[in-house]
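Where a number appears in this text, it was derived from the coordinates with a stated rule and is not lab data. Because the structure is a prediction, the values reported are computed rather than measured. Virtual Cβ from ideal backbone geometry, glycine too; neighbours counted across all protein chains shown.
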Amino acid sequence: MKKFIYAAGLSVALLFSGVAMAETKIAIVDVIAVLQQMPQRETVAKALEAEFAPKAKILEAEELKANDAAQRLKKDALTLSASEKAKLTAVITAFEDKAKEYTQEYRRRESEEANKLLVKIEAAVTAVAKEGQYNLVLKAEAAFYAEKSVDITEQVLQRVK
């Protein structure tokens with residue numbers, strides 16, 4: 001009876017070790033490279049530029065005013081009255097606030113558009129992984145070393161074009 005239990009246990013162990021030893025196909029993808037080489041990226045950049053061009057022109061005009069105010073404040077600091085200094089400082093502060101707001105708005109929109117592109121990249125990675133029957137796909141940044149043969153970046157790039 002002990003031999004039977006031992007043989008059954010050994011058989012089960014061998015059965016599960018075969019499952020555990022099944023080949024795992026792993027691939028890597030350089031998402032940043034794909035994002036930078038996507039033709040849609042340039043289209044998005046031009047759209048953002050067109051969207052923010054009017055605000056940028058207004059900001060440039062206000063920057064000139066703020067620079068003039070800063071130069072006047074620096075040059076005539078000793079002779080300006082307190083109210084004139086306050087007005088010049090207010091012009092400079094208003095410009096800085098608008099410039100900060102513009103930068104934040106631009107970055108927010110840029111992030112929104114990048115996220116849309118990343119969704120497309122993710123779908124392409126999934127499709128390539130299923131076609132190639134990969135069990136695991138990692139970002140290239142996460143791998144210390146990977147052979148060129150496991151890099152599916154070009155396939156993903158072709159899929160998103």
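When 126, 79, 153 are ordered from fewest to most other Cβ atoms inside 10 Å of their Cβ, what list results?
Fewest-to-most ranking of 126, 79, 153: 79, 126, 153.
Given 20 °C and 1.002 mPa s, compute D for region 78-155 with the Stokes-Einstein relation, Rh being the Kirkwood radius over Cα pairs; round to the nearest whole µm²/s.
The Stokes-Einstein estimate is 124 µm²/s.
Can you give me the C-alpha center-to-center distance between region 121-161 and region 65-95, rounded to a whole angstrom?
56
Using the Kyte-Doolittle scale, find the helices of the chain whose mean hydropathy is at least 1.0 and whose Cα atoms extend 15 Å or more along the helix's long axis, counting only whole DSSP H runs.
Long hydrophobic helices here: 2-20.
From the cross-link list 46/161; 55/100; 57/98; 55/85; 46/116; 116/148, which pairs have alpha carbons spaced over 19 Å apart?
Result: 55/85; 116/148 exceed 19 Å.
How big is D, in µm² s⁻¹, for the chain by Stokes-Einstein at 4 °C and 1.567 mPa s if Rh is the Kirkwood radius over C-alpha pairs?
After rounding, the answer is 60 µm²/s.
Using the charge dipole of region 92-161 (Lys, Arg: +1 at Cβ; Asp, Glu: -1 at Cβ; taken about the Cα centre), state which of 102, 129, 118 has its Cα farthest towards the positive end.
129
Within a 10 angstrom radius of the beta carbon, how do 138, 157 rank from fewest other beta carbons to most?
By the 10 Å Cβ count, ascending: 138, 157.
Taking neighbour counts of Cβ atoms within 10 Å as a proxy for exposure, in what order, fewest first, do 52, 144, 95 appear?
144, 52, 95
If you take the charge dipole of the chain about its Cα centre, with +1 on Lys and Arg Cβ and -1 on Asp and Glu Cβ, which of 77, 28, 54 is farthest toward its positive end?
It is 28, whose Cα lies furthest towards the positive end.
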